[in-house]
1. Around residue 734, what is the net charge, scoring Lys/Arg as +1 and Asp/Glu as -1 over all other residues with Cβ under 15 Å from its Cβ?
2. Could you tell me which trypsin sites (Lys or Arg not before Pro) in the stretch 631-669 are loop residues by DSSP with no more than 12 other beta carbons within 10 angstrom of their beta carbon?
3. Which peptide among 624-634, 591-601, 272-282, 432-442 comes first, and what is the full order, when sorted by highest mean count of other Cβ atoms within 10 Å?
4. So if each residue of separation counts as 0.36 nm, and I subtract the Cα-Cα distance between residue 138 and residue 277, what length gain in nm does that give?
5. Run through the stretch 510-609 and list the GluC sites (Glu not before Pro) located in a DSSP loop whose Cβ has at most 14 other Cβ atoms within 10 Å.
6. So what is log10(I(q)/I(0)) for the stretch 490-543 at q = 0.25 1/Å, when the Debye sum runs over its Cα atoms only?
7. Report the net charge of residues surrounding residue 540, where surrounding means a beta-carbon distance below 9 angstrom and charges are Lys +1, Arg +1, Asp -1, Glu -1.
8. 7 Å from Cα along Cα→Cβ at both residue 604 and residue 292: what's the point-to-point distance in nm?
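The values are calculated or read from the model by the stated rules, or taken from the named source; none is laboratory data. This one's a predicted model, so the numbers in the text were calculated from it and none came from an experiment. Backbone-built Cβ (ideal geometry, glycine too); neighbour counts: all protein chains shown. Remember, those area values only see protein heavy atoms, side chains included, never the ligands or the DNA or RNA. Shrake-Rupley method; radii C 1.70, N 1.55, O 1.52, S 1.80 Å.
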Amino acid sequence: MKRVSEDKPFEFMSNPMAVTATPSGSYDEPPREFDIYQIVFKYKWVLVIAMLTGLALGNLAFIKLGPEFNAVASILVSQQAQVPNRDLPSVWEQRTEHVAIIKSPMIVGKAIEKGSLEKLVTLQKSADPVDDIISALEVRRTAGQDTSFLNVFELKYRSKVATDARATVNAIILAYHDYLKASQEEVTGKLVKHVEGMNTDLAQVIDRRQHELVEFRKNAPLMWKNAPGAGRQPGDVTNVHQERLLEIERDRRANLLKRAEINGKIKSLNNAKANGKSPEDMESLARMLIASTQPGTSQATTGAVSGSPVLIPGTSTPEQASTQLLPLLLEEQKLLRDFGDDHPDVSNIRKSISRVREFYEARGIALPEFDPLAAKGKKLDFVAAYTAFLDQQLEEIGYKDKELDAVYERESQKVKDVVKYMVEDQGRGEELDRLKAQWNALANNLSQLDMNKDNKGYTMKLLSPVQELWSMKRYLKVVGAVLIGVMGLTAGLIFLRELRDTTVKTTDDIRRLMPGISVIGTVPWFTANAADYSPELGILPALCYFHRPGSGEAEAYRTIRTALAVGLDGIKQKVIQVSSPEPGDGKSTLAGNLALALAQSGKRVVLIDADLRRPMIHRLFGARKELGTADILARKTSFAEALQPSKVANLWLVTAGETPPNPAESLASEDFDKLLAIARADFDYVLVDTPPFLAVSDPCIVAPRTDGLLLVVRAEKNTRAVVRHTNHMIVQHGIKMLGIVTNGLKPQPGTHYGYGYTYGYKDYLDATGAKMERAVTPVAVSS
């Protein structure tokens, strides 16, 4: 079995020296711990009685209040078939609203009006029949879901009169049926009217948007390839400025290429001149560069033989003109060197030159002006003239690029402006298209609504007639409420009692209150059996070790005996003081049973009754009271004369004797020391029974004269404050502790200390106790 505490059951056995109680540092009471399981086990019969009482009172309350009936009916709510249309807004899609509508004051009020429910017995005195019916009405869906066409709902109404319950449910079903029919007509009419209004409004919006689009296009700088209409395409609108930009970009690229070509020619001429080429080579290079300007020809064709120039088709630029004019001029210079001005060849070449000039001038092309000295017969520097012409061409290209850049900037801005108009035009057109699509869809929905208006809504059918059932729930509620109330009240009283109860319950409580002191044993709670008493022997039933040696209580005393035998030094530690915090804790009973257990082990034991105020040893053993401890201390008799044998072998008694007027002073005398010294010398163990600690000061006087104190704490009697105060006194007086014995420990579930009927070993002890005879037998006592 599992131990409740981690402490060893007999910590004292591991330390042969007597221990001294140590203060815990604070004498505040440790926090109280509640074990619900143990409390329930302790008060189990109280709780059983409370439960039976609660059930009885609950049934009486139910009889007093009367039974309750439930009128139950099931209805089928189905959606009528219709042509599905995703675009048409629907008002019949939801199903969960049925429960709320049936329980609404609107339906209940109509039911009261139609069924005259206010005349029912249960509603005649009602201040608000609608609210009373709603509070007793339950509606729930038993089949179907929100997306289902079929749904089954259960209606349940509670009432003390069965006929009233049935009439109420029937009236509510009829009222809801009328509501569904009226709602269908009302909602359909509203929907048709709403759709027609939307159709009219949308047509007006379309007309307005078309007029606005026409006005916009009148003022917009847009060019249309095709007339705008329903079949309009994105490419129908032309941006002329965008096309102009493309042409300008082509001209700029052409100028860039032309500039690169001219710069290349100038660079070739400059490189030839730098390399020291002859004038003839320079002139040949210039001719070659001129010829390369016209693709497909290597040089200008002049018709020198016939005297008429041959103009190349497509030559319409100044540079192309120069490629025809310069060779003619060079040919003229060559003829002038060989012939005179009146030579026919010179006249023909000059006519060709004139025709070239007239051809290009007629087309507005200005030809370059060459050195006029050539007309006077001087030689023309052809390379210089061609270079000057190329420079003039570069300058003209520069001017043209500037003009193109300016035009490009203007056209770019116009392109952006036109794009804004195009985007706005496209947006207006798309909006108009959307409006027309909506109008077409709405017109189609309106026609569908006219076709399906008779097929929309819900129909309701009664699946089963209304039935009256006796309400078990009411019985459970009434009886359960009373039972819970009684059990709660009982639990509260138990909790308050436990809260006010400060007595120690377990050995763990004692350990926390008296730290540093070992609990060497526990004696279970038991009742002395009067049948065990024998007038011949005179030994009281409280000495269970004598009467019932095989019992669990006797086994507990053997455990204590074993702990003392292991822990004590048999030579130096013989005198054992037995005391308790308060009277009635069982210290004398413990001393008597422990003395019997020690005597059974073969040791010579003497039990001295030092409780001179309320002696008990002579009663327990049926011995004489006269000539005892008080008489020895008063020097009226000797120890040998006061010593009397008991009815058990190896056990002798010294009873209290006559009560002295001053017990404390008697115990503090040297005669008491001498008494203990004689007993120590003659016996193996000396047990001294002393008064309780909190009653008188006698235990504190006796303690220094003994070898250690065996303290008896009674569970569920000694309070926590009492145990704590006792520990304080032990610490204050420096009393040596042999250990603590927990007395009267009642069975606690989940705990076990020692053997016994209350600790889970009943079968084992019964098996051994049935065969065990008295371990101690009476002896003849000589007179």
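1. Its environment carries a net charge of +1.
2. Working: sites: 635, 636, 647; in loops: 635, 636, 647.
Hits after loop and neighbour filter: 635.
3. Ranking the peptides 624-634, 591-601, 272-282, 432-442 by packing returns 591-601, 624-634, 432-442, 272-282.
4. Going from the current span to full extension adds 38.0 nm.
5. When the GluC sites (Glu not before Pro) of the stretch 510-609 are filtered for loop state and at most 14 Cβ neighbours within 10 Å, 536 remain.
6. Relative scattering, expressed as log10 I(q)/I(0), comes to -0.95.
7. Summing Lys/Arg as +1 and Asp/Glu as -1 gives 0.
8. 15.2
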